[in-house]
Amino acid sequence: MSTNTTTLYATARGHAAVGERLLDCARRSRPLRRALEHHFAARGKEVRAQLALLASESLDLPEVVSVPWAAACELLHNASLLHDDLIDLDRHRRGIETVWSKFGADQAILSGDHLLNEAFGLVATLPLPPESHVSAMIAAHAAVSRTIRGASEEGVRLERPNFSVAHYERMVAEKTGSLLALPVEGALLMAGRSEKESSAARQALTAYGSAYQIEDDLAYVLGQKEGREPGSGLRRGLVDAPVAHYWRQASPAERVELSDYFARRERDAEDVEAWRRRIAASRAIDLCRQHVHTLCVRARTSLAILPEPIRAGIRDLLGNSLLGRVTQ
């Protein structure tokens, strides 16, 4: 099967079927229905569903497996978004109000919990041989565990800032990369492929996930994140990629200033904007872009042992757009 055929399937018939599954899950809880329908009214690119469909189709997994698997991966991702928006106090996502902002914190927490529950329900009922079924469940559980660990580490960093780039990358690999890797890793395991291949997929997609998070951090500090407050991480005292790379190139005196800023319990808008402009004008931006490029190269190296349709599809969906952005 050609990559173009696989991508067409993933974005047309399969994507539509996944969308129906997402809405079905949203409507299954009457108390949360309005909040979840609001959340899914502005659906994103659903890259995780596309990855799951692409890998499943390439590995000849039947539609009765590929569609619920893709939906489960999207539900897990959306559960993390509902919780993250509340933790970060972000009021808008994809051009609409976030669930916590419109319906309250309780609805956001419970909606995220509901989607987690629905996702594992879908995985639990996949029509697979026992060994493949267990592999899918273990992969999903491990990905969610890593995501929670990464998010928890981010919370710790708010209390005790760590400006190390290596520390940032480890945290974001778990928080962002784990759920991006799951769709392909799980499909490979369900198809009975080797641990070597599933591990390579996890490494590659974790690297791409980290690269995308750095791009996201850049958009915040450069004021390019539509509907989001520029420098919101700086307001919260969060060490993101631009801050970590600023620290990396800063003089001893600049490091003292940055440490003093992050030690404050309260940060006024003027200070936040001053630091945002300072970081945006520094070498940190170029260092972030170099970091993205390094991660993309690492990802492509890990992809080398995967079947060609999967390898090419992942590059089409993720790698080419990232490399294009950092080399413009």
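The values are calculated or read from the model by the stated rules, or taken from the named source; none is laboratory data. Keep in mind the model is a prediction, meaning the values are calculated, not measured. When we count neighbours, we look across all protein chains shown, and the Cβ atoms used for this are built from the backbone with ideal geometry, even at glycine.
One line per residue, one yes/no per condition, for (1) under 26 Å from ALA181 (Cβ atoms); (2) of a type in the set (Val, Ile, Thr):
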residue	(1), (2)
TYR212	yes, no
ASP217	yes, no
LEU222	no, no
GLY231	no, no
VAL239	yes, yes
VAL243	yes, yes
TYR246	no, no
GLN249	no, no
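Which one is farthest from LEU110 (Cα to Cα), of the residues in segment 11-59 that are among the acidic types (Asp, Glu) and without any contact (Cβ under 8 Å) to a residue 24 or more places away in the chain?
Per the stated criteria, the residue is GLU20.
What number of residues within segment 71-104 are modelled with pLDDT under 95, assigned to a helix (DSSP H, G or I) and not charged (D, E, K, R)?
2
Give, as residue ranges, the helices (runs of 4 or more DSSP H) completely inside segment 144-249 that count at least 3 residues that are at pLDDT 90 or above and more than 20 Å from GLN50 (Cα to Cα).
165-172, 195-221, 241-249
In contact with an Asp or Glu (Cβ under 9 Å, 6 or more places away or on another chain) and within 25 Å of VAL172 (Cα to Cα): does that describe VAL144?
no
Identify, from the list GLU97, GLU118, GLU37, GLU46, the residue that is farther than 25 Å from ALA136 by Cβ, of a type in the set (Asp, Glu) and touching a helix residue (DSSP H, G or I) at 6+ places or on another chain (Cβ under 7 Å).
The conditions single out GLU37.
Suppose we filter segment 158-212 for residues that are closer than 26 Å to LEU116 by Cβ, surrounded by fewer than 24 Cβ atoms within 10 Å (Cβ to Cβ), of a type in the set (Ser, Thr, Tyr) and in contact with a Leu (Cβ under 9 Å, 6 or more places away or on another chain); how many remain?
Residues flagged as closer than 26 Å to LEU116 by Cβ, surrounded by fewer than 24 Cβ atoms within 10 Å (Cβ to Cβ), of a type in the set (Ser, Thr, Tyr) and in contact with a Leu (Cβ under 9 Å, 6 or more places away or on another chain) within segment 158-212 amount to 2.
Taking VAL256 as the residue in question, decide whether it is surrounded by fewer than 18 Cβ atoms within 10 Å (Cβ to Cβ) and either free of Cβ contacts under 8 Å to residues at least 60 places away in the same chain or closer than 25 Å to GLY177 by Cα (or both).
yes
For ARG276, work out the one condition from (1) touching a residue at least 60 places away in the same chain (Cβ under 8 Å); (2) under 28 Å from ILE87 (Cα atoms); (3) assigned to a helix (DSSP H, G or I) it doesn't fulfil.
Here ARG276 meets the rest and fails (1).
Of all residues in segment 98-118, which are of a type in the set (Gly, Ala, Ser) and in contact (Cβ under 8 Å) with a residue 60 or more places away in the chain?
Within segment 98-118, ALA108, SER111 qualify.
Among the numbered criteria (1) more than 30 Å from SER135 (Cβ to Cβ); (2) more than 18 Å from the chain's Cα centre (by Cα), which one does GLU215 miss?
Unmet for GLU215, out of (1) more than 30 Å from SER135 (Cβ to Cβ); (2) more than 18 Å from the chain's Cα centre (by Cα): (2).
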